[in-house]
Amino acid sequence: MAYMWFTGLIIFSTQILTLLVPECRARVPAIIVFGDSSVDSGNNNFISTVAKSNFAPYGRDFPGGNATGRFCNGRLPPDYLSEAFGLKPSIPAYLDPMYSIQDFATGVCFASAGSGYDNATADVLGVIPLWQELENYKDYQRKLETFLGAEQEKEIITEALYIMSVGTNDFLENYYAIPGRRSQFTIQQYQDFLIGLAEDFVKQLYALGARKLSLTGLSPMGCLPLERATNFMHPDSCAEEYNDLALEFNGKLKQLVAELNDELPGMKVVFANPYDLLLQLITAPSLYGFENAEVGCCGSGTFEMGIMCTPDHPLTCTDADKYVFWDAFHLTDRANQIISSYLFKDLKSNFL
């Protein structure tokens, strides 16, 4: 049994290392990112909101040990996917003045931690709504055309891989946390409302030239450390109603992807589904070399995230690689790397 576990770990580790090997560049000249904290590389640093992570211990395992504004101890999935496609190892935030259009030409992030499909979700913490992410993308297109010329700009826009990862906040931060949307929609109606917003967003991207899109589904959000800690009916257990909701919503997203592929000529949309693998990391962490999947590394690991995840918290772990979760809501660098390796296989087969 021990031999089988060790062999499996070697094979899996080898698969992860494929992310470090540059792939063919021609088919994917850039990675362009929309979404929430699962993919925000630091845009919230430059807006007025409490939803920030540009301070220690965030970023302590990022190259250079810098707290970039990523809600992680290191890199996020788009960073790893960019490297896997033979591009740069990290994707800069569009609002970061340290970077120029030259940097953004091969990859750029418009995501904002705390955002959602629903504009009302972004209002909760005063972050960038999805419509504004799209407006920033339009501004990017104009700058890119000025920088490269119309022909090369069009090639990058058309051949770039667009990554969209959003939705968890719509349920956990908005629908179930404040009464507004619950008074307007049943949970089924709200899911359909969000699917409609996702469809509209993709069609707007298509009209602007996008042709390759990875639409990410929800994770088993009932197993987030924060949801475990507040699951008073079954203390420390996953909130299965939220997991069931995620599965149901993912089914609707998958159906939307099929419809979009039929409706939009020349467009290829892939449904990226991290649910099953992440659930396996959480329920059988030792198979992947983790020791803890119930709480986060930062602080007590049950409630801390953002401003509550402070550098002087005495309970913060020393080795985040042993943890699936970095804080009460977000994955560690190593978990992100594993998820990215898994998703890359499908993206590679579709876009390389």
Among the residues of the range 329-349, is there at least one that is of a type in the set (V, I, T) and surrounded by fewer than 17 Cβ atoms within 10 Å (Cβ to Cβ)?
no
Tally the residues that are open to solvent by 10 Å² or more (accessible area, probe 1.4 Å) and either of a type in the set (K, R) or in a helix (DSSP H, G or I) (or both), restricting the search to the range 204-238.
9
Residue in the range 165-177 that is least open to solvent (accessible area, probe 1.4 Å), counting only those that are out of contact with any strand residue (DSSP E or B) (no Cβ under 7 Å at 6 or more places or on another chain) and either more than 14 Å from N119 (Cα to Cα) or without any contact (Cβ under 8 Å) to a residue 12 or more places away in the chain (or both):
L172
Sort through N73, N43 and tell me the only one that's in contact (Cβ under 8 Å) with a residue 60 or more places away in the chain, touching a Lys or Arg at 6+ places or on another chain (Cβ under 7 Å) and open to solvent by less than 10 Å² (accessible area, probe 1.4 Å).
N73
Residues satisfying the stated conditions in the range 294-309, i.e. open to solvent by 40 Å² or more (accessible area, probe 1.4 Å) and under 21 Å from T68 (Cα atoms):
M305, I307, M308
Output yes when any residue across the range 260-281 is open to solvent by 10 Å² or more (accessible area, probe 1.4 Å), touching an Asp or Glu at 6+ places or on another chain (Cβ under 6 Å) and part of a helix (DSSP H, G or I), and no when none is.
no
If I filter the range 211-231 for residues that are more than 21 Å from S115 (Cβ to Cβ), without any contact (Cβ under 8 Å) to a residue 12 or more places away in the chain and not acidic (D, E), do I get at least one hit?
yes
Is the range 157-164 home to any residue that is open to solvent by 30 Å² or more (accessible area, probe 1.4 Å) and farther than 22 Å from P63 by Cβ?
yes
Go through (1) at pLDDT below 50; (2) closer than 15 Å to P89 by Cβ; (3) not hydroxyl-bearing (S, T, Y) and name the single condition L9 misses.
(2)
For the range 139-158, state whether one or more residues are under 25 Å from N174 (Cα atoms) and hydrophobic (A, V, I, L, M, F, W, C).
no
Count, please, the residues in the range 24-59 that happen to be basic (K, R) and either in contact with a Pro (Cβ under 9 Å, 6 or more places away or on another chain) or at pLDDT below 95 (or both).
2
Being at pLDDT 95 or above and among the β-branched types (V, I, T) is the filter here, so list the residues in the range 308-339 that pass it.
T316, T318, V324, T332, I338, I339
Count of the range 151-188 residues which are farther than 15 Å from Y140 by Cβ, among the polar types (S, T, N, Q) and assigned to a helix (DSSP H, G or I):
6
Would you mind stating whether E241 is open to solvent by 20 Å² or more (accessible area, probe 1.4 Å), assigned to a strand (DSSP E or B) and either more than 22 Å from L130 (Cβ to Cβ) or not charged (D, E, K, R) (or both)?
no
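The values are calculated or read from the model by the stated rules, or taken from the named source; none is laboratory data. Fair warning: this is a prediction, and the values are worked out from it, not measured in the lab. So basically every Cβ, Gly included, is an ideal-geometry build from the backbone, and we count neighbours across all protein chains shown. In case anyone asks, the SASA skips ligands and DNA or RNA and just uses the protein heavy atoms, side chains included. Shrake-Rupley method; radii C 1.70, N 1.55, O 1.52, S 1.80 Å.
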